[in-house]
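Accompanying notes for the structure given below.
Readers should treat all values here as calculations from the given coordinates under stated rules, not as data from a laboratory. Quantities reported herein were computed from a predicted structural model and do not represent experimental measurements. So basically every Cβ, Gly included, is an ideal-geometry build from the backbone, and we count neighbours across all protein chains shown.
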Amino acid sequence: MMLHTRFKQIMVFLLLLAPMLAHPASARGIGFLGKQYKEVASLPDGRWLVLDKHALRLLDAEGKTLHSLDVRAEHLDTRVINSQAGAEVQAVVFDADQQQNWILQVEPQQIRISRKLTPVSFALQSQCLYRDAQQLSHLFMIAKDGQAEQWLLSGKTPVKLRNLALPPEVESCRVDDRQQALYVSEASFGVWRYAANGEGIPERTLVAGRQPRGEITGEVGALAVLPQGLAVIDADDGRIHLLDAQAQVTLHDLRVPNAQALALAGDALLVLNNVGWQAYDLQPLGLGQASLHPATVSRQLPLIMPRGQTESVARAGDAADDPAIWVHPTQPARSRIIATNKKQGLLNYNLQGKQVQLVAAGRLNNVDLRQNIRWPGHKPSDLAIATQRDEAALALFALDGQGQLRDVGRIKTGLRDIYGTCLYQPPAGGLEVFANDKDGRFEHYRVEPQAQGGQAYMGKLLRTFRTAGQPEGCVADDQQQRLFYGEEKQGIWTMSASADQPSEPQLIMPVGEHLVADVEGMGLYHGQNGSYLIASSQGNSSFVVLDANAPYAFRGAFRIGINAEAGIDGVSDTDGLEVSQVNFGGVYRQGMLVVQDGYKRLPDGAQNFKLVAWEDIARALHLQ
């Protein structure tokens, strides 16, 4: 209903302007939008926000002032927020005198100041709003020298999400929410596109370059995101380049001498030059709302919020890697998360995310554990095993009844560059371990306690096998006696976990539409309604879920987004993960998923691990 109403409002607006929009190359001025308004924003119901030298003004559809705020402001941007009560408009302006941003809510007859942010610590050059896939509001603030910050405006209070390093001399920025793309114009070079969502490495693509890198001849000026493209001012040449939906190809040029600013009103591109504001109809050019096709909107995976997170690891860079879950024998809420820091050793967290122990065991990569392991003549024990890369060995750690770790020795392997590992408890008891090498080799050991003195445990090699490419993540299903492992560039494989009953590997999910290389960590969830295999699809920062039994049907995929209320950032570039069906209490009564987060935001920091409630996953993927 709201989209229908919005469409009718846009059509009325365009009909009123029809004489001016008869031909996109011969636009005429919009009467009440005079050149005294340096920035304008069209609102859904026909009203306007305009900035002059002295105030921010709210105008009705005929240009009559409804309300104004006395402020010497610049850098106006707006977003429509869909709420239960209808469409609301959020706006932002920068108070040039106080050097701080005003976050505004536009009401029917007035502009209300929602918040004033802390004064910025640099000379602001440009800023723009962003509405993410979770419908959370963000603000990008950019300095002339390239310093930049992304702030999360949703939640209890605005907070800085991350720092960015953007090009110098940024003249303008705008975000295409549909594409989740941040566009910035570097005056002397061109227009760059970045991912706006804040996760991962801020890679950039040049989408409109100055000659000889592109078609722009002069300095690159203001930007405007169109319903189906991007508009860019070519300041010295008197042209406005209209790019396609991917901002890769120039579809049309508008000749507008002395163009200074851009805005959008429905299917009309508004341009300010020395004459004033003029409107150009985008629909005949195939760049308007009616040109949109569902295929142009990227498919969005379900977004699940993390319910908790661990403290950051004590080393910067690529340090945190792989978690395991130890379950307290009588009080599951006192269980532990055991995780590797590749630059330090083995970490021990409680379920509130507080680090309670560090075992400084060097460069540990992957870790797995089993509880209540039974060997003839020995008491049941809990054991965690991690790959120790400097020693090309398996590092063994005993866990006591409270989940405290104790280093109990090494098992040397024949692997040159040991990498991933997972444990297996055969039906007859005991413990076995799979370890792999970056060159594709797997070694399968039986772990046995020593009868007396010396090292506590020894390993007996049972078999070797290999993959064509690089493996890492693996998990063994003790119930079904199956091994699942990932070949990073190829997909997920399964085979018998029993050395006595070997089987040929079967590719159950290749890299492709749902699974994007690299294939990383994986875990098994055994629930009342079924058993599931969860794997990290690192290439698109998502997680795939399959049935853990043949024919291993695909059950869905999801991403982990921002929990704004709890102040927990989203997840990207995950290496290792672990999942458990145990009732840990509270939101984790159906179990939990623990994942490594490759980029810690909110604020920026060293890597950590995020905790996700299984019931949230089951609800999103309809697994219940």
Handout entry: Span per principal axis, largest first, for the Cα atoms of segment 305-621 (Å)
Key = 54, 40, 38
Fill in the blank from the handout: Using alpha carbon centers only, segment 414-445 is separated from segment 484-515 by a whole-angstrom value of 15 Å
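How high is the relative contact order of segment 305-621, in percent, with contacts defined as C-alpha pairs under 8 Å that are six or more residues apart? Don't skip to the end; give the middle numbers.
Numbers: 905 pairs, mean separation 49.1, N = 317.
Normalised by residue count, the contact order of segment 305-621 is 15 percent.
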Problem - Between helix 2-16 and the chain: long-axis angle, C-alpha atoms, 0 to 90°, nearest 10 - result: 30 degrees
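Which of rounded, prolate or oblate describes segment 48-90 when judged by the alpha-carbon gyration tensor and an a/c cut-off of 1.5? Intermediate results must be reported in sequence, preceding the final value.
Numbers: a/c = 2.70, a/b = 1.59, b/c = 1.69.
Because a/c hits 1.5 or more and a/b fails to exceed b/c, segment 48-90 counts as oblate.
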Problem - Prolate/oblate/rounded call for segment 305-390, Cα gyration tensor, a/c under 1.5 rounded - result: oblate
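Please work out whether segment 330-436 counts as rounded, prolate or oblate from its C-alpha gyration tensor, where a ≥ b ≥ c are the square roots of the eigenvalues and a/c under 1.5 means rounded, while otherwise a/b larger than b/c means prolate and anything else oblate? Before the final figure, lay out each step's value.
Details: a/c = 1.98, a/b = 1.07, b/c = 1.84.
Oblate, because a/c is 1.5 or more while a/b does not exceed b/c.
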Practice task
Evaluate the Debye formula for segment 178-261 with equal point scatterers sitting on the alpha carbons, no solvent, and hand back log10 of I(q)/I(0) at q = 0.15, 0.19, 0.22 Å⁻¹, in q order, two decimals.
Solution key: -0.48, -0.76, -1.00
Completion exercise
Least to most buried among ARG115, ARG363, ARG441, by other C-beta atoms within 10 Å and fewest first, runs ARG115, ARG363, ARG441
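Could you work out the relative contact order of the chain? I mean the mean sequence separation of Cα pairs under 8 Å and 6+ apart, divided by the number of residues, in percent. Write down the numbers at each step before the final one.
Numbers: 1680 pairs, mean separation 54.9, N = 624.
Value for the chain: 9 percent.
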Fill in the blank from the handout: Square roots of five times the C-alpha gyration tensor eigenvalues of segment 396-460, ordered largest first and given in whole Å, equal 22, 14, 13
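Treating the beta-carbon of each Lys and Arg as +1 and of each Asp and Glu as -1, no other charges, what is the dipole magnitude of the chain about its Cα centre, to the nearest 20 debye? Display every interim value, and only then the final one.
Working: 59 positive and 67 negative charges, 196 e Å.
Here the chain has a charge dipole of around 940 debye.
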